[in-house]
Each structure stands twice: as C-alpha cells, then as structure tokens.
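Q: I am attaching a structure below and will ask some questions about it afterwards.
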Amino acid sequence: MERKPRILISGGGTGGHIFPALSIADALRRRLDADILFVGAEGRMEMERVPAAGYPIKALPVAGFNRRNLFKNFRVLLMLRRSLAMAKKIVREFRPDVAVGVGGYASGPVLKAAQSAGIPTVLQEQNSYAGVTNKLLAPKARAICVAYEGMERFFPADRIVATGNPVRKDLLRAGLDPAEARKAFGLDPHRPTLLVVGGSLGALTINESMQAAAPVLVEKGYQVIWQTGKGWYRKFLEGETSVAPAEGRLAILPFIPDMAQAYAAATLVVSRAGAGTISELELLGKPCVLVPSPNVAEDHQTKNARALADRGAAVLVPDAECRQRLLPVVESLLAHPDRLRHMGEAIREMAMPDSDEKIVDEVVKILGNPV
C-alpha cells in the first residue's frame with residue numbers, strides 16, 4: 001500500500017495565521033488524503049482551534065521577541081533554543097515529505113529544522129511587508145506563496161508564487177441576502193449599515209472612537225454592528241463605559257460567530273488591516289476603512305492598508321488619528337453610495353480566489369519532483 005503524503009504545517013498565534021493554515025490543511029486532506037501534523041506555540045490559540053478542526057498538533061515553548069525591553073529576551077532565547085531541539089525531534093519522528101510555514105512564533109524553528117534535514121519547504125507570506133522569519137527562511141524555500149505584488153523586494157523572484165491568502169470557506173457562502181442578514185442582528189433590513197470589527201480581542205482605539213461615533217451615525221439614519229472584543233464588552237456591561245442607547249439601530253457584541261452574515265449586512269466595514277481580514281474584504285468586494293494596528297512587527301498593517309488605499313480600494317486612517325477622523329470619514333463615505341460602489345469594485349479586483357488550492361498546487365509539484 002502506497003504511503004500517504006506527510007505534510008507538516010507550522011505557525012499560528014492569531015486567527016490571521018490559523019485560519020489560512022486550516023484552509024490549506026483541508027485542501028491537502030481533500031486532494032491528497034495527506035497525513036497532516038501541526039506544530040504551534042504553547043498557550044496560543046492554535047492549541048485549541050487546530051484540534052477542534054480535527055488535526056493533531058504539537059506545541060513548542062516559543063515566544064516572540066520583546067522589542068521594547070531587550071533584557072527580557074534572555075528567556076526568549078532559551079525558549080528558542082529548546083524549541084529548535086524539539087522541532088528537530090518532531091521532524092525526525094514524523095518524517096514529512098513537505099513542511100509548510102504560515103507565519104507565527106513556531107514556524108521559524110520548525111521550518112529551519114525541516115530545511116536542515118533536507119525536507120522541501122513552502123512559505124506563505126500573508127503581508128505586503130515580509131516578516132523577519134520568512135526572509136531568513138526564503139533562500140532555502142522551494143516556493144514562497146504571496147498575496148501582494150512587489151514581493152521580490154524580500155524574496156528570490158524565481159521562488160515567488162502569487163496565490164493570495166486562504167480564507168475561511170464559510171465566509172464565501174453564496175446567496176446571503178443583506179436585508180435578511182440585518183434582520184438577524186435585530187436591525188432595520190433596509191438602512192445603510194456600518195460593520196465595525198477590531199479582531200477577536202477588539203481594538204481599543206476603534207472602540208473608543210466608536211463610543212462617540214455610533215450615536216451620531218444612528219441619529220443621522222445609519223445603523224451599526226459593532227464587535228467590541230470581550231474585554232471592552234465586559235466594561236460596557238458593568239457600566240465602566242457607556243454608549244448612548246439606540247434601540248433597533250445599534251448591535252453591540254463581544255464576538256460575532258457568523259462573520260459571513262455580518263459581512264452580508266454591511267454597507268461599509270471599519271477594521272484593522274491584518275492580511276487575513278483584507279483578503280476576506282477583497283473576495284467579498286466590501287468597501288472599507290482600515291485602521292492599522294500600531295502594535296505589530298515592522299508596522300506591516302500600515303503597509304497592507306496602503307497597498308489598498310493607493311488603488312482606491314480602501315481609506316486608510318492611522319491609529320493615532322482614529323479618534324478625530326473616523327467619524328467624519330465614515331459619514332462621508334456612507335453619504336456617497338457611488339464612491340462606495342467604486343471602492344467595492346476596486347477591492348474586488350485585488351482578490352485572489354482559491355488561494356488554498358493554489359498553495360496545494362505547489363505542494364503537489366514538490367511531491368512529484370522532491371529533489
């Protein structure tokens with residue numbers, strides 16, 4: 001009996017890394033019936049999300065470097081050294097045919113161990129500005145799957161493959177009706193609707209900006225679906241922060257489990273500028289205001305957002321200017337449906353569909369020509 005292909009997938013830390021990794025794994029299982037093993041970081045969300053999706057996962061005691069206090073990195077270096085040793089053992093025991101890295105703390109040690117053992121590697125770079133780990137791994141990678149133009153600034157041009165970023169398949173459910181989606185949130189089915197998301201943990205700057213902006217927007221005839229994150233929502237429930245009441249026009253939630261429905265309801269989206277979110281907005285053709293997080297490596301979210309804004313596909317509002325600018329920007333856009341339509345067309349033109357299948361195509365090529 002012929003042995004199934006064995007694929008090692010490493011990375012995680014955030015939903016922006018985990019969801020693409022699971023999409024790739026599902027495509028590998030569907031097309032190749034592959035044996036798949038994940039490697040993640042101890043205590044990070046992949047340790048729950050990956051087993052829940054039906055895949056085995058091993059943990060490494062690895063963490064990111066502290067850029068603000070270099071003295072705290074001594075322990076990080078010790079953890080990295082231990083993780084490298086553990087990664088070598090995982091590679092030796094699992095004997096993968098290909099290793100795929102999607103970014104995140106664990107991908108560095110695992111992909112380095114795979115390359116040292118002569119295992120072909122595939123990198124997935126989600127952002128428009130390459131991360132340090134992928135730049136270090138790139139010279140020995142067989143394929144580097146990217147979502148933006150101009151990535152030859154960072155990687156060998158002959159290894160770059162334009163695939164886009166995989167997104168959750170459930171977001172692309174066909175036939176979702178905007179009016180029905182709004183009714184599901186308890187809102188008027190016909191009013192223009194703003195969707196505000198700051199990631200699963202929320203975004204403080206966006207939340208504080210919306211605290212003042214939401215009542216104004218409602219007063220002007222719009223309505224808002226607002227995902228605050230659990231921490232801010234708890235303060236809201238306990239009365240530590242408040243929002244003027246707007247029954248039937250304002251849906252405030254700690255977390256939105258059905259993002260496909262939320263996107264369908266939205267006339268305009270306000271969001272951080274993570275690569276995964278941007279890929280979702282592109283595929284759905286959603287006009288958006290992007291408020292890049294300032295707390296990410298290399299300020300890559302600003303670079304992601306600028307790639308869209310330069311093509312008229314989004315409006316970029318810097319985090320430091322959000323409290324002053326978010327309301328007037330949103331008001332102006334909602335008041336001009338033609339501009340929203342043009343933005344939607346521009347962002348849809350940037351979409352790269354079937355990204356998971358394109359990445360699996362690269363794995364298949366390697367399996368057919370392993371040397």
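The values are calculated or read from the model by the stated rules, or taken from the named source; none is laboratory data. All figures in this text were calculated on a predicted structure; none of them were measured in a lab. All Cβ positions, glycine included, derive from the backbone under ideal geometry; neighbour counts span all protein chains shown. Surface accessibility is based on the protein's heavy atoms, side chains included, excluding ligands, DNA and RNA. Shrake-Rupley method; radii C 1.70, N 1.55, O 1.52, S 1.80 Å.
Q: For region 338-343, take each phi angle, set θ = phi - 60°, evaluate the Karplus expression 6.51 cos²θ - 1.76 cosθ + 1.60, and give the result in whole Hz per residue in order, putting x for glycine and proline.
A: For region 338-343, the Karplus-derived couplings read 5, 5, 4, 5, 5, 4 Hz, x marking Gly and Pro.
Q: Let me ask you something else. Helix 73-94 sits at what angle to the longest principal axis of the chain, using alpha carbons and giving 0 to 90 degrees rounded to 10?
A: For 73-94 against the chain, the angle is about 60 degrees.
Q: Stretch Glu321-Leu78 to full length: gain in nm at 0.36 nm per residue minus the Cα-Cα span?
A: Here the segment from Glu321 to Leu78 would lengthen by 83.6 nm.
Q: Rounded, prolate or oblate: which one fits region 287-362, using the alpha carbon gyration tensor with axes a ≥ b ≥ c (rounded when a/c is under 1.5, else prolate when a/b beats b/c, else oblate)?
A: It is oblate, given that a/c is not under 1.5 and a/b is not larger than b/c.
Q: Right, another one. Can you grab the distance from the C-alpha centre of region 210-232 to the C-alpha centre of region 275-336, Å, no decimals?
A: Cα centres, region 210-232 to region 275-336: 17 Å.
Q: Only Lys, Arg, Asp and Glu count, each charged at its Cβ (+1, +1, -1, -1), so figure out the dipole size of the chain about its Cα centre, rounded to 20 debye.
A: I would put it at about 1360 debye.
Q: Let me ask another. Express the carbon and sulfur contribution to the solvent-accessible surface of region 244-328 as a percent, rounded to the nearest whole number, probe 1.4 angstrom.
A: Numbers: 1580 of 3100 Å².
Summing carbon and sulfur atoms, their accessible area is 51 percent of the total for region 244-328.
Q: Shifting gears a bit: Amide H of Ala314 versus every other amide H placed in the peptide plane: which residues, excluding those fewer than 5 positions away on the same chain, fall under 5 Å?
A: Answer set, sorted by chain and number: Ala309.
Q: Where does the Debye-calculated log10 I(q)/I(0) of the chain sit at q = 0.08, 0.09, 0.13, 0.15 Å⁻¹, using only Cα point scatterers of equal weight, no solvent?
A: The computed values of log10 I(q)/I(0) come out as -0.42, -0.53, -1.04, -1.29.
Q: If the only charges are +1 at each Lys and Arg Cβ and -1 at each Asp and Glu Cβ, what is the size of the charge dipole of region 256-344 around the Cα centre, to the nearest 20 debye?
A: It comes to approximately 160 debye.
Q: So what are the ³J(HN,Hα) numbers for region 277-289, from phi and the Karplus equation (6.51, -1.76, 1.60; θ = phi - 60°), rounded to whole Hz, Gly and Pro as x?
A: Those phi angles translate into 4, 4, 4, 4, 4, 5, 5, 8, x, 9, x, 8, 10 Hz.
Q: Another one. Using the alpha-carbon centroid of each, what span in Å lies between region 22-37 and region 343-357?
A: 23 Å
Q: May I pose another question? Skip the ligands, DNA and RNA, and give the accessible area per residue of the chain with a 1.4 Å probe, whole Å².
A: Working: 17190 Å² over 371 residues.
On a per-residue basis, 46 Å².
Q: Report the extension gain between Lys220 and Ser116 in nm, rounded to one decimal, defined as 0.36 nm multiplied by the number of residues separating them, less their alpha carbon distance.
A: Details: separation 104, 0.36 × 104 = 37.44 nm, distance 6.09 nm.
Value of the extension gain: 31.3 nm.
Q: Counting other C-beta atoms within 10 Å, and keeping those with at most 14, which DSSP coil GluC sites (Glu not before Pro) do you find in region 246-302?
A: The qualifying sites are Glu247.
Q: Near the amide H of Ile225, under 5 Å away, which other amide H atoms are found, from residues 5 or more places off or on another chain, if H is placed in the peptide plane?
A: Those lying under 5 Å, H to H, from Ile225 are Leu194, Leu195, Val196, Ala251.
Q: Using the structure shown, list the pairs from Lys112/Lys365; Lys88/Lys365; Lys89/Lys230; Lys58/Lys140; Lys140/Lys303; Lys183/Lys286 with a Cα-Cα distance above 28 Å, or answer none.
A: Over 28 Å apart, Cα to Cα: Lys89/Lys230.
Q: Given H placed 1.01 Å from N in the peptide plane, which residues other than close sequence neighbours of Val161 have an amide H under 5 Å from its amide H?
A: Ile144, Cys145, Val146
Q: Under the Kirkwood approximation applied to all pairs of distinct alpha-carbon atoms, what is the hydrodynamic radius of region 69-128 in Å?
A: Values: mean 1/r = 0.0808 Å⁻¹.
Evaluated over region 69-128, this radius sits at 12.4 Å.
Q: Normalised radius of gyration for region 183-315, please: alpha carbon Rg relative to 2.2 N^0.38 Å, two decimal places.
A: So the Cα radius of gyration is 1.02 times the expected 2.2 N^0.38 Å.
Q: Would you kindly derive the ³J(HN,Hα) couplings of region 315-320 from the backbone phi angles with the Karplus curve 6.51 cos²θ - 1.76 cosθ + 1.60 (θ = phi - 60°), listing them in order in whole Hz, with x for Gly and Pro?
A: Values per residue, Gly and Pro as x: 10, 9, 10, x, 3, 5 Hz.
Q: Mind checking which of Met151, Leu308, Val76 is farthest towards the positive end of the chain's charge dipole, using Cβ charges of +1 (Lys, Arg) and -1 (Asp, Glu) about the Cα centre?
A: Comparing the listed Cα positions along the dipole, Val76 ranks first.
Q: Still on this structure, please answer the following. If I take R0 = 30 Å and measure r between the Cβ atoms of Glu180 and Glu208 in this structure, what FRET efficiency does the formula 1/(1 + (r/R0)^6) give, to the nearest 0.05?
A: Given R0 = 30 Å and the Cβ-Cβ separation, E is 0.40.
Q: Output the Cα-based Rg and Dmax of region 29-141 in Å, rounding Rg to one decimal and Dmax to a whole number.
A: For region 29-141, the Cα radius of gyration and maximum Cα-Cα distance read 14.3, 47 Å.
Q: In degrees between 0 and 90, to the nearest 10, how far off the longest principal axis of the chain does helix 300-309 point, with axes built from Cα atoms?
A: Long axis of 300-309 versus the principal axis of the chain: about 60 degrees.
Q: How big is the shadow of the Cα convex hull of region 129-187, averaged over all directions, in nm²?
A: Average of the hull's projected areas for region 129-187 equals 6.4 nm².
Q: Would you please state the base-10 log of I(q)/I(0) at q = 0.22 1/Å for region 91-232, with intensities from the Debye formula using one equal scatterer on every alpha carbon?
A: -1.23
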